[in-house]
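Here is the structure we will look at, set down as structure tokens.
No lab work stands behind these numbers, since they all come straight from the coordinates. All of these numbers come straight from a predicted model, not from anything done at the bench. Cβ coordinates were reconstructed from backbone atoms using ideal geometry, including for glycine residues, and neighbour counts include every protein chain displayed.
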Amino acid sequence: MKVLVIGSGGREHALLWKLAHSPSVKEVYVIPGNDGMTDVAHLIPVKGTEDILDFARLMEVDLTVAGPETVLTEGLADKFAEKGMAFFGPSAAAAQIEGSKSFAKNLMKKYKIPTAAYETFTDEEKAVSYIKKRKKYPLVIKADGLASGKGVVIAETEEQAVQAVRGMLEGKTFGSAGESVVIEEFMEGEEASVLCFTDGNTIVPMISAQDHKRISDGDMGANTGGMGAYAPAPVMTKELDKIVYDTILLPAVKAMKKEGCPFKGCLYAGLMITKDGPKVVEFNCRFGDPETEPVLPLLESDLAKIMLACTKGTLKKERVEWKNACAVDVVLASEGYPATHSSGEEIVGLEEAKKTTGCLVFHAGSMKKNGRYFVNGGRVLNVAAVAPTLKEAQDKAYEGVSKISWRGMQYRHDIADKGLKRLKKRK
Ligand code: AMP
Ligand code: GLY
């Protein structure tokens, strides 16, 4: 098979790496990709939907895979479908499950999928008077549209809530993503990410994972795209896996079909494990970043075959097997992330990190010049490690991290600590 991946981050590097190791795959291409991906893929400098379609047709690509949500909400899957070409990822209509918080919340309400109670507003004064009636804090304020995982304010006081709503509805904080806002109750608990493969009917959950959204150790500081993840997440027990399948994943996929927008691809359920059971924080219409980096190295089966089966509606016949192991992924970010974009610093120690047994390095925001790598802003690299236990995977990942440095490099030192603590308590 010839496979094409769209995107340029750490998630896409992990997808490419896994696809390159799929026995059924001969060639792997990426558009636009980043310089660090050339170990597993051909970088194709093409832009725009028509050129992507032309490339896929000319090169006789057998399967195209979407990384980020934006290409999906913009309808890339629909364009491929029009031409009869296989594409892993939902249609624009189905991608609304991530693209519009109010679409997702209304769907959950209609089909009784557990989530936080909420109201949607476009009128600033109505939103403010609703807030003034709320007595319970924190209160969660969300921009309705896509805001790269950053359009959420956890307001501790009425003043903060009002300020957040005004900022969003006046279009100042999140641009058009904030033209409408969702105000919802705060859910107490531990978070987990459960991603699944689906062909619109059959659902195959992946190994659970846990992201670390805040910039600093101990879940402090600003929200980011994600500073690291590990899999499996001990917060997800076998019983919870079943509850999530029965009360969240299956009803959601059935609901999408019933609403006339069947979901095919990777459906990501961001969950809060509350004392009343798992509730949905958000749905995403694609693989998580950084969850993909620890989850895919644990997949035993041929990823390309599974994805192709999702596009054809034959997932039921596929064998999807996982390694009996654990994985930890640590994100290395540039100075000032997430507030500012720093670039140009030279990255040292990459080769040494890659030589650390069990370590994988996935590139996100790096660039290569004259054979040397430099920082290109945001989340720069991921160091992922697979090992028989979570503790060993954590140790390996941080051993890999210790080999890499650049001026201003920042990372969290506690990725997987929460999972280890839970495992210890269980003993
Ligand atoms: P989202 O973009 O909806 O995933 O929200 C980003 C982050 O904000 C989540 O990962 C949670 O940590 C937090 N969050 C969002 N909604 C809630 C909620 N209703 N209760 C508690 N935390 C939330
Ligand atoms: N890990 C969060 C996300 O992919 O949205």
Please report, in debye to the nearest 20, how large the charge dipole of the chain is about its Cα centre when each Lys and Arg carries +1 at its beta carbon and each Asp and Glu carries -1 there. 1060 debye
Proximal lysine pairs in region 27-117, meaning Cα under 20 Å and 8 or more positions apart or interchain, come to 5
Under 5 Å from the placed amide H of His42, counting only residues 5+ away or on other chains, we find Val28, Tyr29, Val30
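Set the Förster distance to 25 Å, then compute FRET efficiency between Val128 and Phe186 from the Cβ-Cβ distance, nearest 0.05.
Working: r = 19 Å, r/R0 = 0.74.
The value I calculate is 0.85.
Viscosity 0.890 mPa s, temperature 25 °C: Stokes-Einstein D of the chain from its Kirkwood Cα radius, in µm² per second?
On the way: Rh = 21.9 Å.
Rounded to a whole number, D works out at 112 µm²/s.
Taking other Cβ within 10 Å of each residue's Cβ, how do Arg372, Arg426, Arg379 sort, fewest first?
Listed from fewest to most nearby Cβ atoms, that is Arg426, Arg372, Arg379.
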So if I take the centroid of the Cα atoms in region 300-363 and the same for region 199-253, what is the distance between those two points in Å? 16 Å
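Rg over Rh of region 253-344, using C-alpha atoms and the Kirkwood radius, what does it come to? Please list the in-between numbers first.
On the way: Rg = 17.2 Å, Rh = 16.4 Å.
Rounded to two decimals, Rg over Rh is 1.05.
Under the rule of -39500 (n - 2.57) per DSSP H run of 4 or more residues, summed and divided by the residues of the chain, what mean residue ellipticity at 222 nm is obtained, to the nearest 500 deg cm²/dmol?
Working: 15 runs with 132 residues, N = 427.
Calculated mean residue ellipticity at 222 nm is -8500 deg cm²/dmol.
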For Lys47, what is the net charge nearby, where nearby means another residue's Cβ is under 15 Å from its Cβ and Lys, Arg count +1, Asp, Glu -1? -3
With Cβ to Cβ distances under 11 Å as the rule, what net charge do the other residues near Gly313 carry (K, R +1; D, E -1)? +3
Efficiency of FRET between Val348 and Glu321 - r from beta-carbon atoms, R0 41 angstrom, step 0.05: 0.60
Where a ≥ b ≥ c are the square roots of the eigenvalues of the C-alpha gyration tensor, would you call region 326-427 rounded, which needs a/c under 1.5, or, failing that, prolate if a/b is larger than b/c, or oblate? oblate
Rounded to one decimal in nm, the spacing of the 7 Å Cα→Cβ label points at Arg407 and Thr389 is 4.2 nm
For the peptides 327-340, 50-63, 391-404, what is the packing order when you average, over each peptide's residues, the other Cβ atoms within 10 Å and list the highest mean first? 327-340, 391-404, 50-63
